[in-house]
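Below is one structure, written out as structure tokens; comments come after it.
The values are calculated or read from the model by the stated rules, or taken from the named source; none is laboratory data. If you're wondering where the values come from, they're calculated on a predicted model, not measured in any experiment. Here the Cβ positions follow ideal geometry from the backbone for every residue, glycine too, while neighbour counts run over all protein chains shown.
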């Protein structure tokens, strides 16, 4: 087990280092950087010598491998360089904006899980066969909706038609309810799809037939016998969902004009502020690797049969 | 003998039933192909489907709700929304086509190499693929766009490059499955050279599942391109791109719901159709 743990952590570290090197090579070592974009502007009236001085200040004149070493060392120390556009350290930019995005995406995730469970339970427990298959096909429809479009349509319906959620001076709940719903719907769709498929597979197994033959009700079978068996595939797509959650936050914050990491990302791309984007990309990769590691470690807790397999392999 | 006599008529009956039996028409699948065919027709010959212009507005015609004259209403400078959607089809579809081509060729090549090479090469490629998969798709797309610059083609390439990793993973699994098959061993045994066998036997037989995935990715690419267009990294404003239409219509959403709702429905219909076709392809392969 500890061997397995070590090799998993080693793999994760390699992936992270590669992601870092790739993002560095792509974003930092390329000509046409953010310093030139900002300071070559004729309105600033800087001479080439002054620009060169600024480049020395940002460390952009050093050879690539020196820059790479510096950047790795700085990242390890928790310093991500300066945002050229905003003129503040990237770390501060992220520290200020991370909490809002974390709150939005964790609320979105909770709402998505609730919605997915609701749909999956309804698709299993609904009284009529055609109703069940109708509900089961809903997630594939939800998965085809563009996130930004969901946000705009929700604003139109709930703010402008029904006037339930005010746009001007909303309280905290009113400010968050539509963004959370926007974020939750596209996350809930794949969750529900995987969960429904997993429930179907479990339902086809002989032990369910035995339980049913003993006279158990549908709800009893679902909650007592199927749920724990069916939850594992849902957990393993958590890594994919992490990416969707982050991407969803970028779009949702843009649509609703909320401050957060998503807005920072969007502006970094518009201004070619590579230091900011690189920090966000590396942090996202870190989050992804961490989430997947947790999932792999949690899986045997839910399904003890996996423990035996890992033990046999190690 | 009696058992043989008994079984003969039933097999004959069976084969006749099979002859008469047409391929079962699935209404949703037919509908999906119709949607895709219509979208392609929009892209190839937009002027056949609308008398209005996709880019030039009419004065005094601004922000009209849907009517007999303008089926889906008009926008803030009097352009017909339906015409904008029709003329925008070429941007979304060609973008998605470029994206899928990039992802498919890159991913299949990587998967073929990884699945048929020695352990070291395989491991190296798959670690790179893991790395690509560890960065959320949108962030990877944004990183590529920041390097290549804005524009329809660059966005399409970014979306395609993002899907290379998942194509490679799927294709590698298929190549490994096919390589174990008897006919591949037979081809090697009868003196086929490595590359020849790879090209003539392994590649074609491993493509079925990958093609179904390509159809799925077509829908994913349409969504991703619309999202990047909405964020403003795709085609510049006068060009009618579906994501951009929604972004522009957003300014008038208090009064003119049709500006955002209809382009969104166009995106959704094409994505749903692509997903349905992918499902059918996967069932066949």
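When you check residue A:69 against the structure, is it at positive phi, surrounded by fewer than 17 Cβ atoms within 10 Å (Cβ to Cβ) and at pLDDT 70 or above, yes or no? No.
Beta carbons closer than 9 Å, at least 6 apart along the sequence or on distinct chains, pair a first residue in segment A:287-303 that is at the interface with another protein chain (Cβ under 10 Å from one of its Cβ atoms) and farther than 14 Å from residue A:7 by Cα with a second that is outside any helix (DSSP H, G or I) and at pLDDT 80 or above for A:287/B:136; A:288/B:135; A:288/B:136.
Residues are listed down the side, and each one gets a yes or a no for (1) at the interface with chain A (Cβ under 10 Å from one of its Cβ atoms); (2) under 30 Å from residue B:39 (Cα atoms); (3) modelled with pLDDT under 90:
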| site | (1), (2), (3) |
| --- | --- |
| B:83 | no, yes, yes |
| B:98 | no, yes, no |
| B:114 | no, no, yes |
| B:122 | no, no, yes |
| B:135 | yes, no, yes |
| B:139 | yes, yes, yes |
| B:152 | no, yes, yes |
| B:158 | no, yes, no |
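Counting the residues of segment B:237-262 that are more than 11 Å from chain A (Cβ to nearest Cβ), in contact with a helix residue (DSSP H, G or I) (Cβ under 8 Å, 6 or more places away or on another chain) and assigned to a loop (DSSP other than H, G, I, E, B) gives 4. When B:144, B:85 are screened for being touching a helix residue (DSSP H, G or I) at 6+ places or on another chain (Cβ under 8 Å) and surrounded by fewer than 23 Cβ atoms within 10 Å (Cβ to Cβ), only B:144 passes.
Is it the case that residue A:257 is surrounded by fewer than 19 Cβ atoms within 10 Å (Cβ to Cβ) and modelled with pLDDT under 80? Steps first, please.
On the way: surrounded by fewer than 19 Cβ atoms within 10 Å (Cβ to Cβ): yes; modelled with pLDDT under 80: no.
The answer is no for residue A:257.
Within segment A:29-52, not a single residue is modelled with pLDDT of 70 or more, under 30 Å from residue B:130 (Cα atoms) and part of a loop (DSSP other than H, G, I, E, B). Within segment A:125-140, if we keep just the residues that are free of Cβ contacts under 8 Å to residues at least 40 places away in the same chain and under 20 Å from residue B:279 (Cβ atoms), the residue that is surrounded by the fewest Cβ atoms within 10 Å (Cβ to Cβ) turns out to be A:130.
Looking at B:283, B:212, B:221, B:226, which is the one that is buried (at least 24 other Cβ atoms within 10 Å of the Cβ) and either facing chain A (nearest Cβ under 9 Å) or over 25 Å from residue B:144 (Cα atoms) (or both)? First the steps, then the outcome.
On the way: B:283 fails: buried (at least 24 other Cβ atoms within 10 Å of the Cβ); B:212 fails: buried (at least 24 other Cβ atoms within 10 Å of the Cβ); B:221 fails: either facing chain A (nearest Cβ under 9 Å) or over 25 Å from residue B:144 (Cα atoms) (or both).
Of the residues listed, the single one that is buried (at least 24 other Cβ atoms within 10 Å of the Cβ) and either facing chain A (nearest Cβ under 9 Å) or over 25 Å from residue B:144 (Cα atoms) (or both) is B:226.
Within segment B:43-82, which residues are farther than 18 Å from residue B:237 by Cβ, more than 25 Å from the chain's Cα centre (by Cα) and surrounded by 18 or more Cβ atoms within 10 Å (Cβ to Cβ)?
B:50, B:52, B:64, B:70, B:72, B:73, listed by residue number.
Taking residue A:233 as the residue in question, decide whether it is buried (at least 17 other Cβ atoms within 10 Å of the Cβ), closer than 25 Å to residue B:136 by Cα and in contact (Cβ under 8 Å) with a residue 24 or more places away in the chain. Considered against the rule, which asks whether it is buried (at least 17 other Cβ atoms within 10 Å of the Cβ), closer than 25 Å to residue B:136 by Cα and in contact (Cβ under 8 Å) with a residue 24 or more places away in the chain, residue A:233 comes out as no.
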